[in-house]
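Undergrad: One structure, pasted below without further comment.
The values are calculated or read from the model by the stated rules, or taken from the named source; none is laboratory data. Computed from a predicted model, the values in this text were never measured in an experiment. For neighbour counting, all protein chains shown are included, and Cβ atoms are generated from backbone atoms with ideal geometry for every residue, glycine included. All accessible areas refer to the heavy atoms of the entire protein, side chains included, with ligands and DNA or RNA removed. Shrake-Rupley method; radii C 1.70, N 1.55, O 1.52, S 1.80 Å.
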Amino acid sequence: MKAPLSRREWLQRSACGFGHLALLSLLAKDARADSLPPNTPLSPRDPHHLARAKRVAFLFMHGGVSHVDSFDHKPKLAEHNGRPLPFAKPKFEFAPTGNLLASPWQFQKYGESGIEVSNLFPQIGSCIDDICVIRSMNGGDQVSHGPALLNINTGSGVFARPSLGAWTLYGLGTGNQNLPGFISLSPSLYHGGAQNYGSAFLPASFQGTRIGDGSTNYKDAKLSNLTPGDDPALQRLQLDLLARRNRAHLERLGDAPQLEARIAAFEMSYRMQAQAPQVMDLSRESAATQALYGVGAEPTDEYARQCLQARRLLEAGVRFVQVNFSYPRNYWDAHGDLRNNHTTNAKKVDQPIAAFLTDLKSRGMLDDTLVIFGTEFGRTPAAQGTDGRDHHPHAFSVWLAGGGVRGGMTYGQTDEYGYYVAENKVTMPDFHATILHLLGLDHERLTYRHAGRDYRLTDVEGEVISQIMA
Amino acid sequence: MILRPITMLVLIALVMSPDLRAHEKSSEAEKLFESKIRPLLVERCHKCHTGDKPKGGLRLDSREGLLKGGETGLAIVGGKPDESRLMKAVRHQDGLAMPPDGKLNEAQIATLAEWIKLGAAWPGTTIIAKTAAVPPLSSIVATLPNDGELAKSLQLWLRADSLTLDDGDPVHVWPDQSGHGRDVSATKGVRVGGVGMPAKFVRASALLKRPGVRFDTTTGLASSPDRPIDIRGDAALTIIVVMNLQPHEAQPPYDGVIGIGNPAWPGDPGKPLAALLQINRGEDHALHFAGGWNHDASLGNGSFKPYYGKPILLTITKQPGPMRTTTRIFVNGIDARSHARQSVGDLAPDSRSGEPDYQPLAGRDGVPDIQHRTDIGAYLGKALSWAGSIQGDVGEVLVYNQALNDAQRLNVECHLADKFGLFFKPLQDTAPRTVFTMDEKNFWAYQPVKDVAPPSVKNENWIKSPIDRFVLQQMEADGITPAAQADKRTLLRRLTFDLTGLPPTPDEVAAFLDDNSPQAYEKVVNRLLDSPHYGERWARHWLDVVRYAESTANDANAVMRFAWRYRNYVIDAFNRDLPYDQFLIEQLAGDLLPPIDSVETNTRRIIATGYLMVGPKALAETDKEQSRLDIVDDQIDVTGRAMLGLTIACARCHDHKFDAIRTTDYYALAGIFRSTEPFQNEVRNATMWWEFPVSQGAGKEPITVMAPKDSAPRNLRIHLRGNRFTLGASVPRGFVQILANRAALGPERPASSDLTSVDQSPEVDAHRLANTVTTSGRLELAQWIASKDNPLTARVMVNRIWQHHFGQGLVATSDNFGTRGERPSHPELLDWLASRFVESAWSMKSMHRLICLSATYQQIENGSAASDSSPRHPTRRRLSAEELRDSMLAVSGKLDRTPGSNESGEFLVSKAENIGAMILPNRVAADDPFYTTFSKRSIYLPVVRNMLPDVLALFDAADPNGVTAQRNETTVASQSLFLLNSPLVRDQSRAFAERLLADQSHSPPQRIEQAHRLAFGRGATVEEQVQASEFLAAYLQTPSVLNRPEPERQLAAWQSYCQSLLCSNEFLYVE
């Protein structure tokens, strides 16, 4: 029996290419984390430094939530409504925009911190003391959805790179070997599609597992291939036969770790068939909890199911869950009819998100669960048409909660029109570096050797924003 | 607005200036440094500009760092604070702003300026870097002719690209864009005795395929005398013309390019009354700038002769005063007096031999008195009976009534050079001279391939092929003995999978086992190589490397309907054993090969260039030029890694960190690819790529292909930090320089890590295309890559072939032969194979034969993880995703072995969304039933970027967003779930069961036997028979099955049994 590899050795080995590593036994018989050898791709690994967050829920708002209508109040917009922007617009606009457009929503101070939130999100507002709003996000040059989505999810809008969740799994493994470690709920099939939760050049073990997709109601979503094709008793018979065959085969060939791993993988998938439906079964939640999220009520039902599902998955040990509000059914892309678009969408997510935070908190999970509310870009303070806003990567808002983040604060500022970042610009690499840092990972050390060089999620940039840490 | 350091580090390279050295020892400056400057640098600059990875490449914590400079432009000019970019940065000038966390106060800025004024002294060490390895930011900025102040003096501006005519249309009027309405025409300006005929518009003219106005000996255009150009008397002026003239014999014997004023003979010694640009053919092609019939400012005999037939940028500036002494003539940006007797265009771009030797202009010293005629304004070509005609293309004409200063002139010239793709020496002069260290030059991969004789070994009996000698020699040295030869059954399964990606059929197994002839094995190798399934297996390896897919990825993920033709081309190329050098040339430049008699071949060659088209494309990118440059980057990345094993794309933003590849190499290649157009309209958003019909000969329907078109060639400027808005020097199109100089280098030269011992040999700037090449240079690039003298091409491909037979290449990093890649485990063997490859006329099948027939390949697998690392067939090779699916279909009897055609493309189109545009966004989900029911081989499955079907995505198929040289091999539970529950596997298991049950006369043991023969190529053991019977009995007795009707009940049991075989390790692994 070989001694288990240290994390350091493991990383060194992985740097040599993964084919090598995949030869090692991958799956232990017991799904509990502490009994797993440290040398498997998905088993839990120590972080670089003390982790403030042990798991991540990324609430992704597809289409571009308008920052000046949600978390970044700009009274000047109302004051100068209909007047031209007094300084130059960017070199490249997605489409031409006109004059400044006042926000149709009122803003109100919430909580002890008194942070202003628009009345699009009253319930999220009520949680504001647990939230750190970053008002100075900058999405670089990525003006269209596809590249911008890839940028926030993978760090590059141009090249195929592993996703944030894949990097997280690569760095930390996952706690429950009977469930995928990285799950994306209802991801869009478009705008980068699977690349947004893919593993690119990292081994496939780190790719996200999709449940449902943005084109169908989450209510009907299934984990693919999870439903047994045969009744369980029959499948057990079949698996026993398979195991006998494989063991006999293994005996003929002698030591062959990858063959053992394959045997274990079948057993694990059998257990996954049993456990995953339980975790997926929202009816196991109390009526009160379901009502808290808004399950069964419209218009909250779908996103409520996703948020509740996310909590159940995180609770069961899944490392990274992305909760997508996504194209083409749910989409913040208000080129016209801003009022209707954002009102409708906000009503779908406000209660579920607030409930998610409340629920995590009441279960003591918020302290070590990092909740991210993100979008691929903001929307132009200037009008598109009469009542729309265009894509705006130059400045927008996201927020973080839990997982070592200081609540009740804002970070960064835009100019008085919300057009450009005026203070403490946060680039996508900064954003990613900070998330990894909260997870205990040093973004400069989390590297993978590919095509002759070491790749990072943050490429050659990124600074951790230490000011937002609790 | 606060600017981020990363965006604002458009600072700073520091070149050694004489001033800096002169003031080195100034004690006053040193005092200033210690008291004020060093603390300031520490406090405000060191956060970013220290350490191994300083921002912008600039270190401000040591003199060496300061001297070595950063990545962009000049940081400080000793003694000249106002010219120093460092000062501009702290003063927030020119778009720079440092430090990012707040501007320095005025006192600090003043102190910094004072320090630089005193020479920027830095006490202590005085090591001076010998070379500035980074390109300085050029001070030349492409500027529109009417930009800012220039608009005031612009008198006439004719642009061929402003004409909206059809190709070949007469140009009756060529509108003036200066705003003065001085349109030139064939009628209006010509009033008395005019003979001007309209010139002709040519869309792809001899001006590097840009639009031009074509003149011949009868054509001339002139402006109206009612709007005379405001140049009178002894006026200053500038004339700039972009043209390509051809010599001709028409009378009078001079070429009148452009004239302003009265060209009459004023009597000697009269005053020059006009400004005439003309070439006097009668006096042996002297270029004159004349004030009438006098030859007042002439470059002298023969001076224009070299420029005939070439696109040039000709500029004349004149200050007030005698014409001869105030006139300057520039060709392609340099003072033509320095090259009076040779063509500037032919000069090598690196000839920078100090101050040019200026010849004075010939002519008279008459002071002009320009007067306008009453019958005609400015005139081009033969606008009047007495005027000299020109023959050739004119692209742009500019006239100013001031003498542009050097900076203005260069900026406008730069704009025109960029626009027309012209050679422009001032920009190329700013490129860093490429020098290589001896270490770089001596790196193994750049050395010529050496044809080494196979060594002798002790154990001669083991040798079946010369390959074995190299391998065994190493083993004998390491004290390792070869493994035994694998048995026949194992060898057949191994060979059949390796060469065709399919399991051997029971008949094939039986035939091979029964053949006891000595040639039995070789016959099998040849049979498999002749099988059409060989191409289907090996094309897949190539498609992995060239990131083949049928959708664009990114926003639209649009369906590339005809990509499949390229896929089939690759399959066909392998099957017909197309010589590899031809294979490469056709993919890179098949469209540029001269057509031959065979329509089929010509078509095939165009389809091959699908190679350039099948990469990802950002159709919704707003900045279209950025999108094009990203496609170029993809093409360079793929070409570098696939064909040369070089990571060239690393040099997009900076010189390659590890390999001898410079940004100049990158942009030399980028120019070639940028001169090739994949899009039908390169400026429109969400535009369509090229798809066009190709004739198949008389009586046949043309077919539609997806292929690029060679477009107007252009040289690119270095994009500092990869940013297309910070442009450095211009680089002529060309190839990778480190591979250019093999002949000049001997491998025996001593290596040295001393960075100062750079080799200054003059050949290092070779491998750039001549400036007269009027095509993209793609064909030249292809021929250079596919040359037997290229040290990498053959090595890289034989290594790939080796890798797919042995699991690992002789160079383990098969797409990276650079310093960060692995060294070859058997360098002599690699070179010997590369030599054989070239010798066999680049036959890939010959390489397979060599390898498969070797004893090395025929050894048993290395079952344990022993220390023996000698080449062997890979231990427990899991079937690839495609092999897995194909094998299931083969065993179930459902595999349709006919070659695929357009099914994938048509399926994707049928499912795509119609958005009322030419592009069709993909709308196929990963679990579309098509993926379950399609029964041809997996290589013919649709390949949608970011939406691969489960069977491919789960089992480590290549991600088509990038180059995949070697696939991962993972084992995860989701694979098992797929094998247990997916419709694909369940359907195939059912079909397999039906196949077994088809012959009703068979007994269950016979069926079990047949199942084993089909799935594993062997019969069932007694134990397996027993297990199977027990399983079937237990299954049939399970309560939920008992009540099911027959024959469904039997079928369910057999289906479950068959599935257990398809899921078993024996099935999933080759051996």
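Undergrad: Is it true that some residue in the stretch B:959-968 is of a type in the set (A, V, I, L, M), touching a Phe, Trp or Tyr at 6+ places or on another chain (Cβ under 9 Å) and on the phi < 0 side of the Ramachandran plot? If you could, list the steps in order and put the result at the bottom.
TA: Step one: filter the stretch B:959-968 for residues of a type in the set (A, V, I, L, M), giving B:963, B:965.
With touching a Phe, Trp or Tyr at 6+ places or on another chain (Cβ under 9 Å) added as a condition, the list becomes none.
Scanning the stretch B:959-968, I find no residue that is of a type in the set (A, V, I, L, M), touching a Phe, Trp or Tyr at 6+ places or on another chain (Cβ under 9 Å) and on the phi < 0 side of the Ramachandran plot, so the answer is no.
Undergrad: Can I ask one more? I need a count of the residues in the stretch A:189-218 that are over 21 Å from residue A:440 (Cα atoms), in a loop (DSSP other than H, G, I, E, B) and facing chain B (nearest Cβ under 10 Å).
TA: 11
Undergrad: How about the stretch B:983-1011: which of its residues are of a type in the set (Ser, Thr, Tyr) and surrounded by 21 or more Cβ atoms within 10 Å (Cβ to Cβ)? If you could, list the steps in order and put the result at the bottom.
TA: The first filter runs over the stretch B:983-1011 and keeps only residues of a type in the set (Ser, Thr, Tyr), leaving B:989, B:1001, B:1003.
Once the filter is applied, which keeps residues that are of a type in the set (Ser, Thr, Tyr) and surrounded by 21 or more Cβ atoms within 10 Å (Cβ to Cβ), the stretch B:983-1011 yields only B:989.
Undergrad: Across the stretch A:223-243, which residue is nearest to residue B:926 (Cα to Cα) among those that are more than 7 Å from chain B (Cβ to nearest Cβ) and charged (D, E, K, R)?
TA: A:236
Undergrad: Taking into account only those residues within the stretch B:475-507 that are part of a helix (DSSP H, G or I), out of contact with any Leu (no Cβ under 7 Å at 6 or more places or on another chain) and farther than 19 Å from residue B:875 by Cβ, which is modelled with the highest pLDDT?
TA: B:507
Undergrad: Another question about this same structure. Name the residue, out of B:849, B:877, B:872, B:836, that is of a type outside the set (Ser, Thr, Tyr), within 17 Å of residue B:475 (Cβ to Cβ) and open to solvent by 10 Å² or more (accessible area, probe 1.4 Å).
TA: After applying the criteria, what remains is B:872.
Undergrad: Go through the residues of the stretch A:398-405 one by one and say whether even a single one is within 14 Å of another protein chain (Cβ to nearest Cβ), surrounded by 24 or more Cβ atoms within 10 Å (Cβ to Cβ) and within 21 Å of the chain's Cα centre (by Cα).
TA: Scanning the stretch A:398-405, I find no residue that is within 14 Å of another protein chain (Cβ to nearest Cβ), surrounded by 24 or more Cβ atoms within 10 Å (Cβ to Cβ) and within 21 Å of the chain's Cα centre (by Cα), so the answer is no.
Undergrad: Out of B:897, B:937, B:923, report the one residue that is within 30 Å of residue B:1015 (Cβ to Cβ) and open to solvent by 20 Å² or more (accessible area, probe 1.4 Å).
TA: Numbers: B:937 fails: open to solvent by 20 Å² or more (accessible area, probe 1.4 Å); B:923 fails: within 30 Å of residue B:1015 (Cβ to Cβ).
Sole residue among the options that is within 30 Å of residue B:1015 (Cβ to Cβ) and open to solvent by 20 Å² or more (accessible area, probe 1.4 Å): B:897.
Undergrad: If I ask for residues that are more than 9 Å from chain B (Cβ to nearest Cβ) and buried (at least 16 other Cβ atoms within 10 Å of the Cβ), which ones from the stretch A:244-274 would you list?
TA: A:260
Undergrad: Could I ask something else about it? Applying the selection to the stretch B:956-965, what residues are at the interface with chain A (Cβ under 8 Å from one of its Cβ atoms) and farther than 25 Å from residue B:810 by Cβ?
TA: Selection gives B:959, B:961.
Undergrad: Is it the case, given these coordinates, that residue A:136 is assigned to a strand (DSSP E or B) and among the small types (Gly, Ala, Ser)? Full working, then the answer.
TA: Details: assigned to a strand (DSSP E or B): yes; among the small types (Gly, Ala, Ser): yes.
Yes: the conditions hold for residue A:136.
Undergrad: Which residues, taken from the stretch A:277-308, are open to solvent by 20 Å² or more (accessible area, probe 1.4 Å), among the polar types (S, T, N, Q) and not in a helix (DSSP H, G or I)?
TA: Within the stretch A:277-308, just A:286 meets the criteria.
Undergrad: Related question: Do you know which residues across the stretch B:405-421 are open to solvent by less than 10 Å² (accessible area, probe 1.4 Å) and of a type in the set (A, V, I, L, M)?
TA: Hits for the stretch B:405-421 are B:412, B:416, B:417.
Undergrad: Quickly run through the stretch B:516-532 and pick out the residues that are more than 16 Å from residue B:846 (Cα to Cα) and either among the small types (Gly, Ala, Ser) or crowded, with 20+ Cβ neighbours inside 10 Å (or both).
TA: Those that are more than 16 Å from residue B:846 (Cα to Cα) and either among the small types (Gly, Ala, Ser) or crowded, with 20+ Cβ neighbours inside 10 Å (or both): B:517, B:520.
Undergrad: Let me ask something else. Does the stretch A:309-344 hold any residues that are open to solvent by less than 10 Å² (accessible area, probe 1.4 Å), in a helix (DSSP H, G or I) and not hydrophobic (A, V, I, L, M, F, W, C), and which are they?
TA: A:309, A:311, A:342
Undergrad: If you don't mind, there's one more thing I want to ask. Look through the stretch B:617-631, keep the residues that are assigned to a helix (DSSP H, G or I) and in contact (Cβ under 8 Å) with a residue 24 or more places away in the chain, and return whichever of them is nearest to the other protein chains (Cβ to nearest Cβ).
TA: The initial filter retains those residues of the stretch B:617-631 that are assigned to a helix (DSSP H, G or I), namely B:624-631.
The next check asks that each one be in contact (Cβ under 8 Å) with a residue 24 or more places away in the chain; those that pass are B:624-626, B:628-629, B:631.
Numbers: B:624: 10, B:625: 10, B:626: 7, B:628: 13, B:629: 10, B:631: 10 Å.
In this case the residue turns out to be B:626.
Undergrad: Here is a further query. Give me a count of the residues in the stretch B:233-283 that are part of a loop (DSSP other than H, G, I, E, B) and within 25 Å of residue B:333 (Cβ to Cβ). Reasoning before the result, please.
TA: Quick first cut of the stretch B:233-283, residues part of a loop (DSSP other than H, G, I, E, B) only: B:234-236, B:246-253, B:262-273.
Filter once more, keeping what is within 25 Å of residue B:333 (Cβ to Cβ): B:235-236, B:246-247.
Qualifying residue count for the region: 4.
Undergrad: Is it the case, given these coordinates, that residue B:883 is modelled with pLDDT under 90 and either in a helix (DSSP H, G or I) or not aromatic (Phe, Trp, Tyr) (or both)?
TA: Details: modelled with pLDDT under 90: no; either in a helix (DSSP H, G or I) or not aromatic (Phe, Trp, Tyr) (or both): yes.
Answer is no for this residue.
Undergrad: While we're here: Are there any pairs with C-beta distances below 7 angstrom linking a residue in the stretch A:149-172 that is more than 11 Å from chain B (Cβ to nearest Cβ) and under 10 Å from residue A:200 (Cβ atoms) to a residue that is of a type outside the set (Gly, Ala, Ser) and not in a loop (DSSP other than H, G, I, E, B), with the two at least 6 apart or on different chains, and if so which?
TA: Close Cβ pairs (under 7 Å, with a partner that is of a type outside the set (Gly, Ala, Ser) and not in a loop (DSSP other than H, G, I, E, B)) amount to A:163/A:153; A:163/A:154; A:163/A:196; A:163/A:197; A:166/A:182; A:166/A:206.
Undergrad: Would the stretch B:1016-1039 turn up any residue that is facing chain A (nearest Cβ under 8 Å) and closer than 28 Å to residue B:880 by Cβ?
TA: yes
Undergrad: Related question: When you check residue B:968 against the structure, is it in a loop (DSSP other than H, G, I, E, B), in contact with an Asp or Glu (Cβ under 6 Å, 6 or more places away or on another chain) and either facing another protein chain (nearest Cβ under 7 Å) or surrounded by fewer than 23 Cβ atoms within 10 Å (Cβ to Cβ) (or both), yes or no?
TA: Values: in a loop (DSSP other than H, G, I, E, B): yes; in contact with an Asp or Glu (Cβ under 6 Å, 6 or more places away or on another chain): yes; either facing another protein chain (nearest Cβ under 7 Å) or surrounded by fewer than 23 Cβ atoms within 10 Å (Cβ to Cβ) (or both): yes.
So residue B:968 passes the test.
Undergrad: Looking only at the stretch A:100-150, which residues are under 25 Å from the mean Cα position of the chain (by Cα), open to solvent by 10 Å² or more (accessible area, probe 1.4 Å) and small (Gly, Ala, Ser)?
TA: Correct list: A:126, A:140.
Undergrad: Could you list, in sequence order, the residues of the stretch B:921-955 that are more than 19 Å from residue B:566 (Cβ to Cβ), more than 9 Å from every other protein chain (Cβ to nearest Cβ) and in a helix (DSSP H, G or I)?
TA: Of everything in the stretch B:921-955, those that are more than 19 Å from residue B:566 (Cβ to Cβ), more than 9 Å from every other protein chain (Cβ to nearest Cβ) and in a helix (DSSP H, G or I) turn out to be B:930, B:931, B:932, B:933, B:951.
Undergrad: Do you know which of the residues in the stretch B:1045-1065 that are in a helix (DSSP H, G or I) and charged (D, E, K, R) is farthest from the other protein chains (Cβ to nearest Cβ)? So that I can check it myself, show each step before the final result.
TA: Taking the stretch B:1045-1065 and keeping what is in a helix (DSSP H, G or I), we get B:1048-1062, B:1065.
Cutting the leftovers down to charged (D, E, K, R) gives us B:1048-1049.
Numbers: B:1048: 13, B:1049: 12 Å.
Among those residues, the one meeting the criterion is B:1048.
Undergrad: Out of the residues in the stretch A:447-470 meeting the condition of being in contact with a His (Cβ under 9 Å, 6 or more places away or on another chain) and of a type in the set (S, T, N, Q), tell me which one is nearest to the other protein chains (Cβ to nearest Cβ).
TA: Checking each candidate, the answer is A:458.
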